[in-house]
Structure formats: structure tokens, C-alpha cells
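The values are calculated or read from the model by the stated rules, or taken from the named source; none is laboratory data. Here the structure is a predicted model, which means the values were calculated and not measured. Cβ: placed from backbone, ideal geometry, glycine included. Neighbour counts: every protein chain shown. Surface accessibility is based on the protein's heavy atoms, side chains included, excluding ligands, DNA and RNA. Shrake-Rupley method; radii C 1.70, N 1.55, O 1.52, S 1.80 Å.
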Amino acid sequence: MEHVLANVGRLAVGGVAAGVIAAGIALPVVGGVGFTLRDVIDGFRNLPSSLREGPLPQKTRLLDATGTQFAQFYYENREAVPLDRISPLARQAVVAIEDSRFFEHAGLDVKGTIRAVITNAQAGEIRQGGSSLTQQYVKNVLVEAAETEKEREAARAPNLGRKISELRYALALEQKYSKQEILERYLNVAYFGAGAYGVQAAAKRFFGKTAAQLTLVEAATIAGAVRSPHHTDPSLGPQSRARLKERRDVVLDRMAELKMVSPEEAAKAKARPLRLQLNVQPASCEDSGHPYFCEYVQREILNSPAFGQDPAERAKRLIRGGIVIRTTLRPRIQRAAEHAIRERVSPADTEVAAEAMIEPGTGYIRALAGSKLFGRNPGNKKNGPYTNFNLPADAAHGGGVGLQAGSTFKVFTLATALAQGWRFNQGFDTPGVLTPSAGYRDCAGRPVNAPDVQIYNASGEGRGGPYSLSTGTWESVNIFYMMLERKVGLCATMKTAEALGVRRADGGPLRPVPTFTLGVNEMDPVTVAASFAAFAARGRYCEPLAIAEITDFDGTRTPVSPTCRQAIDPEVADAVSHVLRGVFAEGTMRGQDIGRPAAGKTGTNNGYTSAWFAGYTPDLAAAVSVGDIRGPYRYPLTGTRIGDTYFGQVQGASLPGPIWVQSMRRALAGTYPTYFHRPNLARFGGGVTPGLEEKDKERKVRRDPETGEVLASPERDEQRTRRGARRFRDDLARPRFHRPDRDLPPRFHDQPWPQPWN
């Protein structure tokens, strides 16, 4: 016995220390350690009896609008589950190998710890653990509660003082909780290796299944990992997996010894391989199925005071809080945006496309997509198929400084003019070139003219002539809109844009310059799509919203309501929609449509530095931008190959427009079309543009006197002829059917298809 006690004095680690406490209960002095029974008793008396148990760090999960998870964040990969969702075999396996007398003792297994101290002392090393499951739970809780590395080291320190603390807390917990409750807490806090905390995370990490589905072999494997999780981590290679299998077999033998399973069952299980199915558990937006949306939500949380007083507290809650965030992402719409971009722009291209799709009337962001993969390029190269910029978003949500929005900004001047009483056919004559040397003032009344700048129409044609509000919009005439902005007021135009949520992508104030209406301010697709969505919602602007509901770790649900306001008069919004519908029928997007009523505006910047298309139906709005990621001014969109197509120059209708059309078609496929409200023609119809009627006569064009729409023209007649010929050919190609002997019955419809007002 003296030899044993001498060895005990030299060992003050792991289960031996707990054995020393147990031995100290029977012996007045433990040689060499310097602790007496009185020291132990005093240590107990001076310790608090209640263990502070904070919530365990759990992963935050992001769900789409259908409830499917697409991303997660965590400090520790843990998913706490109740005991009834853990396989009975897993419970038995852990108890068998870690504390077989767990259901018999009151927090300290005196018999087991004395046996452990003698065995370990004789061997001169740790062979058996002396801590009960309750004590192990206490240790894990103390480690989790540690704020610094020094505190964590103290919580793991292999000394008798720590063991005294653990025992004091363990005895108190045995009075506070039932055995089943302690077991549940232990199984959720313990580390099993490979980054898996808790038995649920371990089951998913090791075998790709839940803790409730674990078989005998799998349960024994996981139980075997808990003693030395870093030593048996299966993700570290063949040697670690071999050690894990040895531990699994030890567990199976112990379960057979305790008659939890039969010897035959244990032998059969030991003969089987591990059959691991290691599943990587993503913990960042780079690993997400929808990384741009994930990044937007992550930045939303880190920027919001609702999630904490400062960014550090918010980040801590994000990776430790165990919250479930149901987002506004619609998988079908998201896939539509991703496919439309992928089919036209390659991740390897330096030109990048980005799209945001937003629901009018709620501000729900339904999709965020970009042409590049999200993450770091190999070797951290600046240019490559990956990017760390959130391409569809502003700087506050991980994006860059944005791209000049181009002629999409003309809609704010259009809305301002309509609000001031302008009519669809009202307009004026324009010169071939314009110098904005006078008449432009900011909202403080200061002149902001640009006498050294010359403005030309799109592509620099320099063509002047008469244009109305409608024709000037459809043909996107720069000089017309510069003159219109001067007439309605630069400040008034800027206030309209601000009311519709427009702000620069870099977070700075809008620049009050004469070319404001030509879109010189840098924007992001989310902001532009949200502003256009307000027209679809009859002037009701809603802040872009990516989070629909938050569920805390305790199950408390907090819905996130849209933040909306009536930004402009509903009738003005209806009139804007009417004019923008003509962009597809009469203007820059002629020949492209989505098979249902839609409105929109192209945007091509001076020098082709960027290109845009923004548009909407009453059900969905979207904005698409294209620019060179290396810098739009140094690398304009001219003479370049994007995807499989060569472009002499990229315009709003040549690349962003087709991406928008395809994504909207797929996003809305199978849904019932919604029609726009008819504009108030008594308020907006008619008007006079000097010289336009004469110009139309020369071109043999006949227009609707109220709306300005082309009713007849040589081009339209030719299009109708071509359409008729095509239909005739298609009709000839169709198989012919014999008419039945009796007359066909009349055709009935349960729900008649609504007809557009025009």
C-alpha cells in the first residue's frame, strides 16, 4: 500500500486526482500531495454550491422561405437535443464506458475512483478515469464559460484543487437535477472530435444521421471518441481512425460485460468496420448554397443594434446564439436568377453580372445572384473565378462601391414630371448637343452647373428633335431628360429618388450634379430593384428585407415585419408604369418580353462603363448590373467576349436585359399574371409636343392621342406581316384532325382569363 500511496503522490492528473479526494475521505494524509482531509473539507466549504450554467454555444441556422436550411454559422458545431431524441444505445454506450455506476452514485463514485487511483498508481500512468459523468459535465460547463484562454486552461488544469471544485458542483447538481437530466446535459456539452460538440453533431459529422438513428456500432464509436477526442479524431487520418476503432471495441466489450448487449452482439459488432461517412459541416457563407444571400443576412445581423450593442456582441450571438433565421429567399426565384446569369456570364470573366429580385409591397428580397463564385481565389489572387464582394449588394452588406446606374435614373425624373402635372404626350424640341451651363441647383439653392460638359444622346449620335414624355423615355434620350430635369428641378428629382429609397452603394449622399438623371451615382442592384418595386406597388416603398422571422434558442419567435411607406402618389406610380411598359413595346427593349405585362428601363452609361436593366411586374421586381470587376472606367464594356458571346459594346438591352427577361420568365413560370392599374388618363393623358406630329407624319406613324402609343407605322405593319407569315407557316406544319360528325360543344372556363385594359 505504501508503494501505491507514493505513486499517488507523484500523480495529480485526470482521474487520479478525483481518486485522491476519494482516498482522502478514508485517509488523514495523502503522502506527497500536501492535502489533508481538513484541506478538502475547507475547500468544499469555501466554494459556491451552485454552478452557473449559461446557454451552450449552438450554431445559427439560415432557412429559406420554405424552411429549408441553406447556411449556418457556429463557434462550436453543436445542436442540442432532448434525451428522447438520442438513441438508447448511444446513452447506454456512453454510460458504460464513462461511468457505469452513474445511476447508483450521488455525483462521486467512491468505489470507482478508489479503484481508478490504485490501478493508475500501480501502472504509473492514467489507465482508468475517476470522474463521474456529473463531474465531467461540470468540467465541460466551466470550460464553456471561460472567456479567456487562461480561464480555459484553469478549467482543464490537472490538479486536486480543480477536482475539489468539480466535486462540490457535482454533488450540488445531483440534488438539483434528475439522473436523466444530467445525462442529457452531458451528451449535449461533450466534445467528440472532428469539430463535433454534443452527440447530435457527432452523429451527423461521423455518420450523416441524427443521434436518434444511431446503431449499436455507431453508438459505440461515438462513445469511444469522448474520452480522448483529439487522439481518435477520424478526420485526422488512418492512424486516428484505427485508434477510434480500438476504443469502439473497448466500449462494446464493456457493454457486454454490463449485460447491455449480449456477447454475441458485441462480437458481431466488433467484426464490422467503422463505416464512417464524414460530413463536412459548413460554417460560413462560402460554403452556403446561396452565398450572396447568406452574406447579405450575415451583414444585416452584424450591422443591426437589435442583435447586440456592438459588432463584437452581434458576432458572438451569430456564432454562439443557436438562433434560427427564416429568410425571405425563394429557392425557385433564386435558381431562376442564378441560371439566367450563368448561361450568359462565366465566373472566369472579368466582367461580372449581378441581380437582385424583390417582391413589391413587402420589400422581401427573393433572390441575390452574381456571376462569380463566392470566396477566395487560389493563392488569394485578385482576379479569378471567385470574389469576396457581395456583387448584388451595397458596401454595408459586403458589396463594393457599386456601378453608375445609367439611364435607369431617368424614371425618377419621369415620376417627378408626372407628379408636377406633365402628360404622356407633352414634350419639347431638343438640340443635338447640350451644355448644362445654367438652370441646375441643389436642394440648398446653390448652382451646380457644368459649363465644361457636353451631353449627347445614347451612343453619341447627337440627334435632336421633338420628344414627348413617352417617346423620350422609350428611346432613352439623354438630352431630353437633361432638359426635363432642369424644367422640373434637380432638387425635386433627387427628393423623388430619396423617397424611393435611393442611396449610393458606398453609403454616401447622392451627388447633386446636372447629370443626376443620367445615373452618374454608383448604385447596387438591391437598391435599384427596391426603388423600381415601389412603382409596381403603386408608390408604396418598402425597405429591402432579407429576414422574415427569428427564433431564439429558447423557442421564442420574433416575426420581422416589412418597413413600408407611401413614397409617391399611387396614380403617379401607375402613370410611370404605363410609360415604362412602352419600353418593351416601343423602346429600347423592343422585341424582348416575358409573356406578361411588364415595365422597365435600360441603363447604358457614357463610355459603356456599365450597363443595367431594371424592371418589374406587379408581383416581382428585379435589377441587373454588368461591369468589369477590375474597374469600370479603366475597363469599359467594349470589344469584349463575355461568356460565349462577343460584344462590340454592352448596352442595357444587349446583356442585362436578356438576363432580366430569362430570370423573370423562370421566376414567374406557372403563376397567374397580375395586371397593372390603368393610368388616370384624365390626369395624365394627352398633351402636346411641338413638332412631334409633323415628325410622325413624315414617318407615317399614327399614335394614340391620349397615351402616345403607336397605333400604326410601316415598321409595325411589317412586323405584323412577318408575324402573320410565321403563323401561316406554323399552321401548315401542324397535323390536321378530322372534325367529328356532331358539332363541337361550346368551350367553358371556370375562371376566364382576364384581359389587359388596353
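Summary table
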quantity: Rounded accessible area per residue of the range 497-643, 1.4 Å, Å²; calculated: 33
quantity: From the C-alpha gyration tensor of the range 266-346, square roots of 5λ in Å; calculated: 34, 25, 11
quantity: Rounded accessible area of GLU693 (nearest 10 Å², 1.4 Å probe); calculated: 120
quantity: Descending semi-axes in Å of the range 137-294, equivalent ellipsoid built from Cα gyration tensor; calculated: 27, 25, 16
quantity: Within the accessible area of the range 231-285 (1.4 Å probe), percent carbon and sulfur; calculated: 53
quantity: Rounded Å value of the spacing that divides the Cα centres of the range 80-95 and the range 274-305; calculated: 28
quantity: Tail fraction, Cα-Cα pairs, the range 526-605, threshold 18 Å, whole percent; calculated: 56
quantity: Overall Cα dimensions of the range 605-719, principal axis frame, Å, largest first; calculated: 49, 39, 30
quantity: Greater than 26 Å apart at Cα, pairs in LYS139/LYS316; LYS372/LYS410; LYS316/LYS382; LYS179/LYS245; calculated: LYS372/LYS410; LYS316/LYS382; LYS179/LYS245
quantity: Relative contact order, percent, the range 385-453 [alpha-carbon distance under 8 Å, six or more residues apart]; calculated: 15
quantity: Amide proton proximity set for LEU545, modelled H, under 5 Å, gap of 5+; calculated: TYR364, ILE365
quantity: Within the accessible area of the range 449-593 (1.4 Å probe), percent carbon and sulfur; calculated: 47
quantity: Selection of chymotrypsin sites (Phe, Trp or Tyr not before Pro), the range 392-481, meeting DSSP coil and at most 14 other Cβ within 10 Å; calculated: none
quantity: Distant-in-sequence amide H partners of ARG441 (H built 1.01 Å from N, under 5 Å); calculated: VAL448, LEU490, CYS491
quantity: Reduced Cα scattering model of the range 540-669, Debye log10 I(q)/I(0), q = 0.12, 0.15, 0.18, 0.23 Å⁻¹; calculated: -0.61, -0.84, -1.03, -1.29
